[in-house]
Protein chains: 4
Amino acid sequence: MRSNVADSNQKNRQELERRLAEFVREEVIPREDLTRAHDRDWFQYTTTELAGIARAAGLYGPRLTPEHGGLRLSWSDCCWYFEQVGRSFLGPAALGCAAPGQPDIAVLEHLATEVQARRYLHPLVAGERRSCFAMTEPAPGAGSDPKMLRTTARRTAEGWVIDGHKWFISGAMVADFAIVVARTEEGVTWFLVDADNLGMRRVRDIPTMEPFDIGGHAEIMFENCQVPADAILGQPGRGLEYSQWRLEGARLFHCMRFIGLASRAMETAQGYVNQRRSHGVLLAEHQLVQGMVADAHIDLYAARLMTHDVAQRLDRQDAIRHESSMLKVFVSEAVNRVADTAVQITGALGVSEDMPLSMILRMLRPFRIYDGASEVHRAAIGKRVLHRQITP
Amino acid sequence: MRSNVADSNQKNRQELERRLAEFVREEVIPREDLTRAHDRDWFQYTTTELAGIARAAGLYGPRLTPEHGGLRLSWSDCCWYFEQVGRSFLGPAALGCAAPGQPDIAVLEHLATEVQARRYLHPLVAGERRSCFAMTEPAPGAGSDPKMLRTTARRTAEGWVIDGHKWFISGAMVADFAIVVARTEEGVTWFLVDADNLGMRRVRDIPTMEPFDIGGHAEIMFENCQVPADAILGQPGRGLEYSQWRLEGARLFHCMRFIGLASRAMETAQGYVNQRRSHGVLLAEHQLVQGMVADAHIDLYAARLMTHDVAQRLDRQDAIRHESSMLKVFVSEAVNRVADTAVQITGALGVSEDMPLSMILRMLRPFRIYDGASEVHRAAIGKRVLHRQITP
Amino acid sequence: MRSNVADSNQKNRQELERRLAEFVREEVIPREDLTRAHDRDWFQYTTTELAGIARAAGLYGPRLTPEHGGLRLSWSDCCWYFEQVGRSFLGPAALGCAAPGQPDIAVLEHLATEVQARRYLHPLVAGERRSCFAMTEPAPGAGSDPKMLRTTARRTAEGWVIDGHKWFISGAMVADFAIVVARTEEGVTWFLVDADNLGMRRVRDIPTMEPFDIGGHAEIMFENCQVPADAILGQPGRGLEYSQWRLEGARLFHCMRFIGLASRAMETAQGYVNQRRSHGVLLAEHQLVQGMVADAHIDLYAARLMTHDVAQRLDRQDAIRHESSMLKVFVSEAVNRVADTAVQITGALGVSEDMPLSMILRMLRPFRIYDGASEVHRAAIGKRVLHRQITP
Amino acid sequence: MRSNVADSNQKNRQELERRLAEFVREEVIPREDLTRAHDRDWFQYTTTELAGIARAAGLYGPRLTPEHGGLRLSWSDCCWYFEQVGRSFLGPAALGCAAPGQPDIAVLEHLATEVQARRYLHPLVAGERRSCFAMTEPAPGAGSDPKMLRTTARRTAEGWVIDGHKWFISGAMVADFAIVVARTEEGVTWFLVDADNLGMRRVRDIPTMEPFDIGGHAEIMFENCQVPADAILGQPGRGLEYSQWRLEGARLFHCMRFIGLASRAMETAQGYVNQRRSHGVLLAEHQLVQGMVADAHIDLYAARLMTHDVAQRLDRQDAIRHESSMLKVFVSEAVNRVADTAVQITGALGVSEDMPLSMILRMLRPFRIYDGASEVHRAAIGKRVLHRQITP
């Protein structure tokens, strides 16, 4: 029997979802400007403005605690929240839940000392400082195989000296500090490094195919980068384990938000085929179009169920390593299929930038690579099954 | 907060699932004989013997009421039950939940009068009589389009006279009575017809590619088939609606059991690649094999989630027409992909009948056609979405 | 028995192919600058410079007649020529065979009067003027269904007045004249219109996802656009037939050049996986990578054979309508699969703009839509087969 | 310039093709009896009868020399010949070109001594004796990896003694002699062994999913199997090389004939959808059906071109190892897609055995495994490309 409390919670949740959807539809999406896909200042200005409105409306910060002005939703509830927010290129930044900040907050909440929390976590939560997570390295360093990590941290009298070469560090072009993954005697270890440290040099912003990717993908040199002893985050030697854990959460959020982006693409395309005629009837009456729409919705249906299932497992604190891999492969490929279909049935307008569709496609394509390429996950999933490490 | 009752239910459920899995593994599968895929007597004898053991063990009849010796599981709980049972070609018949009997019991429970229940439902439940559902007709009659129904029932002084031509009537070769779908003045109507009615003639058993398909797929002529006035099941004119409703349930059970069959195929294949070496290593160490195994498990994961979601909707008495279509398309194609992969990684043994794999493939292939071909569902799903009849 | 002439031709052909490949590799590709994907002036300057070198080397103008300084290759020989040239974003423009000029020259050669040839064809061939082909219209005009054409040409005392709205007119932003498709009393008719005609107004360049697409995709208004009586190209009323014929040629050239672009993507990616290590071995040693490379090469193999077959049919002056449709569907989808694979196995670098891969993907994606979307062709192919208009 | 001889050849070829097609359509296919898919005597009787008619009509033996009553077609010409013959389950056997006899004749023509030719080749050619090729072994022997061969041949005073265990030896249930692949001191070596040798014991016929697979797939024990010194075929130690060469030819013939079988499936299905109505129109008017038909014909188009290309390379005596692998992967998968589509659009009749479609599917499925599974070829193709052993 469902209690009154549960009923009331359910009602509150639906009301929040309704208001959030309205906010995204009425405030966020109308502020998008497809011609400013690479305009960092405009993006920063617009999302800051939206964040203010969202905070006032009690819609901001899905994972932040109430004392930080957030909603502290469960992982399961984040599914509908992130799907709504993810519909817009501006959404996650506007609502205080964009990567890399979102997963960085999650790890800092668990690992930061009080001093570290004051210096890094609280300003990050407040939107006053921005973070990035510096793990990936150019060849022959850590790419899809984290064991190949080459960045080192050497202990000195005053603390540590970090040396290494990182790249594709998302958000680093606007970050105020970095979580840096480096190898010490104890094993792989995490460090907090301020972006104005003289030993941390952002060489350049690597251009990628993504639009509205405002924090960039920086190439960074750490050269004789001196940090104090208390720059270590968490315990030394547990960095790979932390990275895996951070990644599982980050990956889940990406799935949630990209389901939203792909859904928007399909709805936009559906609107188009319901207007445009060809060979005597609406495109929507063409059976090949109906079939493509059907496949897209089957993909979205499965993607939502799988995302929700992994979120529920996290809420129950189950291990999700295996399911998280399956989720990543399925959802990253499904949302790309969906967006590709949206482009295709919209024809020439679909590849134009009059509509957001081809930009959505460009935004989604890297997700089949970032957070572990599909092939890396497939090999890992297959091995786990075949080595009987999991019971299907 | 979960109550003690819920905890105890949960524990009972897990114990039942464990015992059922053991029964299928220890009693049912060992009785399979791949060389008797078309031996009707052996099948009947073996499943009757198994049914007796299952009843004694309290494992029989997932949807039957306790007074009929059944478990009366919810639709959600049927998911794990049917998956276990579906692992064996013999399982559904042995455990009292094979089609067409299972969905016919469901409709009779809702529609049968007391007299009809005594004559048809109770013996069906007891395993004393067998049913079939006679809807499909050869061209130009009702195939994938039920509106093309041509079988007629004409009112007479004593009752009704049915005339028509049916085929691909599953189970009809061994059925004791049929639910016959015919057109009357009131519209499409259901009738109960005894198989020994002189006006109902089973012309032949249409051979199909399926093994262990014991009830056959009969071609039936109804010629001047006289039935009494009370042979009508349910209300006249509501036959299409009933058929849709029967189909949604039947389709869901097929999804559940075929997930079991496909899972068994994969586990069998996994056992093989963990034994067989090629090019210096176990096949299980070949990355292409790992990738195929991964895709199969991702398919099964999504298939289980979608099946469970539709079952939960039925338990909540939600409309499932749209989800049921998406489920049918996805699961019927997913289990075929999985079984195809199982065959492929097992190589020549996979296409042999030393192992059950190619027979599983033959059993699953028609499911992409029966209960509505994928293309029919795709067009229907697409139309519903595009005509905004559903909110995604 | 092959004659000496044939042997000598074969030798000349191989020598030309070798020199062309060298030219593309040594001169054209090194001049590419990925940061200038939208720099029209740079593109114009660079390709003009390259054209000069190519002319001097006797490599320019595959379809131009020798008197125009060209090679007048057969359609079959164009296969290897365009594949080489197509490897570079700059190639077709640099070698005098880019669309829309290339197919416009082809139609002018057949249809232009002597006066029209002097005014339009010869300067086009000489690279002194540029053309565009104005057929596509916004809804509710001619998109994938040419019968929906709404632009009209009305006869006057002095000639014709054209009124209509066109868009996605490739190359129109830099064109000196347009071939305009309009409806007259006689049916669909072609007109030659100078770009400085006051009645022809380029409203804007529609932004699309393609890089290095220098002529743009213009939206054009024809408003009271007056042209003389001799502006008609070919015979009045045969415009749809001409358009189909122009399209078949244009489509074939696109297939040829995009096979080159996709091949380059794969070779670039192969170079990458032969350098980069992961999980202890080169990426090239990962079987999943090998499998993806294999599929890409199978696709390219089939794409080349199909392209060559259609070219041979054109050389024999066979009808190619059916084969041209199959070719378009297969090659447009195959080159996209190949480029997608190239991006995927190159990982984060693949989606970056440090390498050309993601730009190649963006260049190829619209080809599944332009020249007839895959779905339009599929329906047409299926109908032709089913209506027995062709013998398979 | 084409000579008169060429013109006359071309005309003869077309006439032969026309007569062959007529023979298959009028004589061979009408003799098929789908209820006798496992009746060895009926098959033998019927194909022998047909062979007689074919010989009389000058249609028999595409690769046999004229003195053996054959046509001695080039590999290229075999493409159309085998496609026609392959349309029927009975065709290859009836026209003297079924495996394993066809490829065994090819290797014997190259390798047999005069004595061996008299004893094995000539009777094989005449249809008086039948052969099989005994290479595959159960684990841990030679399956997809021929290097794992375990069967041995030990030299004795009188000749050789062969010991080993073979299985899935196609045709062996009716063979009069076997080419046995065994390991000697010199390496892998081929032997000719009469089926009545006391040391060669056919244990059983392994049942597989294929219908009309009349020679079976035998499991064979070689136990102290004594053969004379001159039982060696070819040179000792070159067995792997011979096997590869035999396989390339056999694989090509399988591609040719299975294109025929898949084409027939599609034409049968096209006939069906041109008769059957659903939702108000012929199935042939449903766009989803048109799209599936289109994809099938694109697959067949590519499959024919690739098969013809490899045949031409063989006629030119080029190396075909790489192309042969690509061909095998593409065609084996393409014909399965085509047959699957034929079944699907034919609905319930498609999975019945009233029509040949599901039997065609069962016949084609193993081809993705026999002659090297797709995955083995994919890894090999990928490696060759990546190791730069071939120039694409």
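Laboratory data are not the source of any read-out in this text; all were calculated from the coordinates shown. Because the structure is a prediction, the values reported are computed rather than measured. No Cβ is skipped: glycine too gets one built from the backbone with ideal geometry, and neighbour counts run over all protein chains shown.
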Nearest beta-carbon of A to the rotation axis carrying it onto C: which residue, how many whole Å? A:Arg362, 4
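Express as a percent, rounded to the nearest 5, the fraction of DSSP beta bridges in chain C (both residues included) that run antiparallel. List each step's numbers first, then the result.
Details: 30 of 35 bridges.
Given both bridge residues lie in chain C, the antiparallel proportion sits at roughly 85 percent.
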Name the most mobile residue of B:Leu261, B:Leu314, B:Leu16, meaning the one with the largest mean-square fluctuation, in a Gaussian network model of chain B with Cα contacts below 10 Å. B:Leu16
Work from the charge dipole of the stretch A:111-154 (Cβ charges, +1 for Lys and Arg, -1 for Asp and Glu, about the Cα centre) and give the residue of A:Thr113, A:Pro146, A:Ala126 farthest towards its positive end. A:Thr113
Mean other chain Cβ within 10 Å across B:298-304 is 6
When the charge dipole of the stretch D:240-386 is computed with +1 on Lys and Arg Cβ and -1 on Asp and Glu Cβ about the Cα centre, the Cα farthest towards its positive end, among D:Asn336, D:Tyr370, D:Ala262, belongs to D:Tyr370
For the pair A:Val174 and A:Ala56, what calculated FRET efficiency results from E = 1/(1 + (r/R0)^6), where r is the Cβ-Cβ distance and R0 = 30 Å, to the nearest 0.05? 0.80
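In debye, nearest 20: dipole of chain A around its Cα centre with unit charges on the Cβ of K, R (+) and D, E (-)?
Rounded to the nearest 20 debye, it is 740 debye.
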Inter-centroid distance (Cα atoms) of the stretch A:3-46 relative to the stretch B:29-75, Å: 53
I'd like the orientation of helix A:4-23 relative to chain A: the angle between its Cα long axis and the longest Cα principal axis, in ° from 0 to 90, rounded to 10. 80
Compute the angle between helix A:287-315 and the longest alpha-carbon principal axis of chain A, please, reported from 0 to 90 degrees and rounded to the nearest 10. 40
Once the dipole of the stretch A:1-73 is set up with Lys and Arg at +1 and Asp and Glu at -1 on Cβ about the Cα centre, which of A:Gln44, A:Ala54, A:Asn9 lies farthest towards its positive end? A:Asn9
Can you grab the distance from the C-alpha centre of the stretch C:124-159 to the C-alpha centre of the stretch B:241-318, Å, no decimals? 54
Shortest-first distances to equivalent copies, position D:Gln226, nm, label 7 Å out along Cβ: 8.2, 9.1, 11.0
Enter the mean number of other protein chain beta carbons within 10 Å of the beta carbon of each residue in D:164-171, as an integer. 1
Can you list the lysines whose alpha carbon sits under 23 Å from that of A:Lys147, skipping same-chain ones fewer than 8 residues off? A:Lys166, A:Lys328, A:Lys383
Between the Cα axis of helix B:321-351 and the main Cα principal axis of chain B, the angle (0 to 90°, nearest 10) is 50
If we hang a label 7 Å off Cα along the beta carbon direction at C:Gln275, how far is it from the matching labels on the other copies, in nm, shortest first? 4.6, 4.6, 6.2
Label-to-label distances across copies for B:Leu198, with labels 7 Å out along Cα→Cβ, in nm, shortest first? 7.0, 9.6, 11.1
What is the dipole size for the stretch B:163-267, taken about its Cα centre, with +1 at each Lys and Arg Cβ and -1 at each Asp and Glu Cβ, in debye to the nearest 20? 300
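Which order do C:Ile105, A:Ile29 fall in if you start with the one that has the fewest other Cβ atoms within 10 Å?
A:Ile29, C:Ile105
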What does the structure give for D:105-115 when I average, per residue, the other chain Cβ atoms found within 10 Å of the residue Cβ? 0
With 10 angstrom as the radius, rank B:Glu83, B:Glu137 by how many other C-beta atoms surround their C-beta, starting from the fewest. B:Glu137, B:Glu83
Separation between the D:Ala21 and C:His279 pseudo-spin-labels, each 7 Å from Cα along Cα→Cβ, expressed in nm? 5.0
Rounding to the nearest 20 debye, state how big the charge dipole of the protein assembly as shown is about its Cα centre with +1 on each Lys and Arg Cβ and -1 on each Asp and Glu Cβ. 0
Per the Cα gyration tensor, the stretch D:31-116 corresponds to an equivalent ellipsoid with semi-axes, largest first in Å, of 24, 15, 13
What whole-number distance in Å separates the alpha-carbon centres of the stretch A:195-234 and the stretch C:183-201? 57
